[in-house]
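Take a look at the structure below.
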Amino acid sequence: MKKIKHFHSLSFKLTIWYILILAMIITLSGFFLYQGYKDKLTDELDKLLFEIADETYEAWRKKRGVSWQEAIQKIETKYSSFPLYIQVVELTEEKPLQIRNFIRSPRIPPGCLQLKPHLYRKADKTDLNDLIHLEVDDKRLCSFPLRTLLIPVRGPRILQVSLSTEERNKALNELILVMGGAGLLLLVLASAGGSLIISKALHPVSKVIKTAKKITADDLSLRIETKERSDEIGALVETFNEMIARLERSVKKIKQFSGDVSHELRTPLTIIRGEVEVSLRKDRKKEEYIQTMQSVLEEVGRMERIINDLLLLSRLEMMESSQLQENIDLSTIASEAISLRKEEASKKGLIIEADLPAPLFLTGHPELLMRLVINLLDNALRYTPSGGKIALEVKREGNNIKLQISDTGIGIPEKDLPFIFDRFYVVDPSRSKETGGVGLGLAIVKWIADFHQAQIQVESKLNQGTTFIISFPQQKNRNDEK
Ligand code: ADP
């Protein structure tokens, strides 16, 4: 039996998928959290930059005679606890604008924080709602990363305020570390929990496999235990148990059937052997030999009937519904069956009455339908004493076509009625032996009726008679009677 490799197992695949999806969710939420936090910190930084720029401008504008240099120094002193750099970039009036001068605090080393001229030119054209903020992370411009704001002021001049982003970046890096650690821990814990749940949920499947491996044709009594589960696994286990139960029933039936067949064939063989042995024990008269031969012939005939019926049954098992033909007239089949048994009936002193109206068409298999009518007719002939009557009728009733065969025979005891369609079931073995029945006739009738999706009804009264009604359903392309 096939062994499932761990890497191919459903629980392994499900766990991997689960971990991948979880990792994706954690990464995405981490990313959005990081972005949100970064935006918030940057917004705060931008607000502060604007505030500082505004204060610098006000310090220069309010008092007459205050130079930009003084205003810058005043603000830098006020915000001395911040890593702050302010400078005013003076531009020429010419087109295109050129940088004339940098007014800056002595704290800024020469060459530092001098952006590309086109950025100052661009800043000159902006208004208050559309100011330029830049992240500067270039060692040539400054030894540490900065966020800088460019505001045009009277001149043309650009007020450039820069704050170090080191603090913000440190906070963000810490956030990454914390989130990474927490995410990893969450992933490990959730994966362990998930894989535990998955393997627990799939545990009954391994049980199914283990039990299925133990089941053989000789031991179909095993069932998989389930603790009342109403999920898919529960349904699977239940279906599997039902399947084994069905298999067990069929195997039991097959075993019983082969036992019955051997028994039924052995009985006539034993009789033949006995008869022949007795007649060989001493010299016999010619008449005695003839009598033995007749008895042997009778038993051979019985065996032949059993074998023929069994062959027919196994042939029937292989039939497919595609072999059904349309427009089969049941009345004609019934009347042909009567013609075949007319002589036998009159020999037995029985009357066959027929009520077969105009053609009644159905979708069916003519050979099998003939066999069904003959089997029922033969039983009626067998079990009706001389002087009796057999009535055969085909009629339409609603959407059904009904075949009814009644006799005034010995009837079937009520307790036997549920079993008469079983293979080899005979009501009274001595009676069947007399009449040559082997107990397969009605099993064949039942199979043919089922094949045509027909219903069988039996009514019987002891010593009064029996009626079989076979009700064929409306067939798709059945023609109406004319
Ligand atoms: P058999 O070949 O022995 O007739 P069947 O399968 O045809 O076997 O029938 C099963 C049993 O049903 C028979 O043994 C017989 O006793 C009973 N049976 C069937 N048809 C009739 C009938 N028309 N009247 C009385 N008994 C019947």
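The values are calculated or read from the model by the stated rules, or taken from the named source; none is laboratory data. Here the structure is a predicted model, which is why all the values come from computation and not from measurement. Because the Cβ atoms are built from the backbone with ideal geometry, glycine has one as well, and the counts that use them run over all protein chains shown. What goes into the accessible areas is simple: the full protein's heavy atoms, side chains included, and nothing from ligands, DNA or RNA. Shrake-Rupley method; radii C 1.70, N 1.55, O 1.52, S 1.80 Å.
Every helix of 4 or more DSSP H residues in the chain counts as -39500 (n - 2.57), and over all residues that averages to -18500 deg cm²/dmol at 222 nm. Output needed: percent of Cα pairs per 10 Å distance bin for the chain, bins running from 0 to the one holding the longest distance. In order of increasing distance, the bins hold 3, 12, 13, 10, 8, 7, 6, 6, 5, 6, 7, 7, 5, 2, 1, 0, 0 percent.
How large is the charge dipole for the chain, taken about the Cα centre, if only the Cβ atoms of Lys, Arg (+1) and Asp, Glu (-1) carry charge, to the nearest 20 debye?
Here the chain has a charge dipole of around 1860 debye.
With 18 Å as the limit, the listed pairs 253/446; 40/139; 213/255; 40/125; 348/389 have 40/139; 213/255; 40/125 beyond it between alpha carbons.
Put a plus charge on the Cβ of each Lys and Arg, a minus charge on the Cβ of each Asp and Glu, and nothing anywhere else: the dipole of the range 232-323 about its Cα centre is then about 500 debye.
Taking GluC sites (Glu not before Pro) in DSSP loop conformation with at most 10 other Cβ atoms inside 10 Å as exposed sites, the chain has its longest uninterrupted site-free stretch at 321-482.
Accessible area per residue for the chain, computed on protein heavy atoms with a 1.4 Å probe, is 62 Å². Given axes a ≥ b ≥ c from the Cα gyration tensor, I'd like to know whether the range 229-356 is rounded (a/c under 1.5), prolate (a/b larger than b/c) or oblate. Note, shape of the range 229-356 comes out oblate. The alpha-carbon of residue 461 sits under 15 angstrom from the alpha-carbons of these aspartates and glutamates, leaving out residues fewer than 8 places away in its chain: 407, 414, 416.
Computed from backbone phi with θ = phi - 60° and the Karplus coefficients 6.51, -1.76 and 1.60, the 3J(HN,Hα) list for the range 89-105 is 9, 8, 10, 7, 7, 5, 10, x, 4, 10, 7, 8, 7, 10, 9, 8, 6 Hz; x is used for glycine and proline.
Helix 10-62 axis versus longest C-alpha principal axis of the chain: approximately 20°, rounded to the nearest ten. Legend: translational diffusion of the range 1-69 by Stokes-Einstein, Rh = Kirkwood radius over C-alpha pairs, 4 °C, 1.567 mPa s; D = 74 µm²/s. I'd like the orientation of helix 366-382 relative to the chain: the angle between its Cα long axis and the longest Cα principal axis, in ° from 0 to 90, rounded to 10. Taking Cα atoms only, the helix is inclined about 40 degrees.
Converting phi to 3J(HN,Hα) with the Karplus coefficients 6.51, -1.76 and 1.60 and the offset θ = phi - 60°, the range 286-301 yields 4, 4, 5, 4, 4, 4, 4, 4, 5, 5, 4, 4, 4, 5, 4, x Hz in sequence order, with x at every glycine or proline. Put simply, the C-alpha atoms of the range 64-117 give a gyration tensor, and the ellipsoid matching it has half-axes of 23, 15, 8 Å, longest first. If one takes the longest principal axis of the Cα atoms in the chain, at what angle in degrees, from 0 to 90 and to the nearest 10, does the Cα axis of helix 330-347 lie? Roughly 30 degrees, rounded to the nearest 10.
In terms of the ratio Rg/(2.2 N^0.38 Å) built on C-alpha atoms, what value belongs to the range 385-471?
Taking the Cα Rg and dividing by 2.2 N^0.38 Å, one obtains 1.12.
Projecting the Cα atoms of 296, 448, 412 onto the charge dipole of the chain, computed from C-beta unit charges around the Cα centre, puts 448 farthest toward the positive end. Percent of accessible area on the chain owned by carbon and sulfur, 1.4 Å probe? For the chain, the apolar C and S fraction of the accessible surface comes to 57 percent.
Which of the peptides 21-31, 436-446 is most tightly packed, and how do the rest follow, judged by the mean count of other Cβ atoms within 10 Å per residue?
436-446, 21-31
The phi-based Karplus calculation (6.51 cos²θ - 1.76 cosθ + 1.60; θ = phi - 60°) puts the 3J(HN,Hα) values of the range 138-143 at 9, 4, 6, 8, 7, 6 Hz, whole numbers, x for Gly and Pro. Considering only 85, 424, 332, the residue lying farthest towards the positive end of the dipole of the chain is 85, judged by Cα position with unit charges set on Cβ.
In the range 1-123, the convex hull through the Cα atoms has an average projected area of 14.3 nm², a quarter of its surface area. Of all aspartates and glutamates in the structure, the ones whose alpha carbon falls short of 19 Å from that of residue 252, not counting any fewer than 8 places away in one chain, are 218, 219, 242, 260, 264, 317, 422.
Give me the lysines in straight-line cross-link reach of residue 47: C-alpha distance below 20 Å, same-chain residues under 8 apart excluded. List returned: 38, 74, 78, 170. Distance between the 7 Å Cα→Cβ label points at residue 307 and residue 20: 6.5 nm.
Give, rounded to the nearest 20 debye, the magnitude of the charge dipole that the range 327-376 has about its Cα centre when Lys and Arg contribute +1 at Cβ and Asp and Glu contribute -1 at Cβ. Each step should come with its number before you reach the end.
Working: 5 positive and 7 negative charges, 41 e Å.
That gives a dipole near 200 debye.
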